[in-house]
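Let me begin by presenting the structure, written as C-alpha cells, before commenting on it.
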Amino acid sequence: MKKMLFALAASLTVLTGGAQVGKAASEATDAAKHKIDEKRADSEAEKSGPVGKTVNNVKSGYHKNRSKASADKAKQSLKNAG
C-alpha cells in the first residue's frame, strides 16, 4: 500500500512539474509577443504626429509592462517546477 501511495505521489509531482513548465512556456511566449508589440508601437510613434506619438507611446508603455510581468511569471513558474 505504501509503495502505491508513493508511486501516486511521484506521478502527481511529475504532472504538476510538467504543467509548471508548460505555463512558463506560455508566459514566455506572451512576453515575446508584448515585446514585439512594444517595438511596433515605438516604430509607429516615430512616424506619427503629436497625438499619434502620445497614443503609441502609451501603447508601448503598456506592452513593456505586460512583457516584464509575463517574463517574471515565466521565471516564477520555472522556479516552482524545479
Would you point out the residue of the range 38-82, among those that are over 21 Å from ALA24 (Cα atoms) and among the polar types (S, T, N, Q), that is nearest to the chain's Cα centre (by Cα)?
-> SER60
Would the range 24-46 turn up any residue that is surrounded by 14 or more Cβ atoms within 10 Å (Cβ to Cβ), in a helix (DSSP H, G or I), in contact with a Leu (Cβ under 9 Å, 6 or more places away or on another chain) and modelled with pLDDT under 85?
-> yes
For residues that are hydrophobic (A, V, I, L, M, F, W, C) and surrounded by 15 or more Cβ atoms within 10 Å (Cβ to Cβ), scanning just the range 56-82, find the one that is modelled with the lowest pLDDT.
-> ALA81
Does the range 31-78 hold any residues that are within 28 Å of GLN20 (Cα to Cα) and of a type in the set (A, V, I, L, M), and which are they?
-> ALA31, ALA32, ILE36, ALA69, ALA71, ALA74, LEU78
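The values are calculated or read from the model by the stated rules, or taken from the named source; none is laboratory data. Remember, it's a predicted structure, so these values are computed and weren't measured experimentally. When we count neighbours, we look across all protein chains shown, and the Cβ atoms used for this are built from the backbone with ideal geometry, even at glycine.
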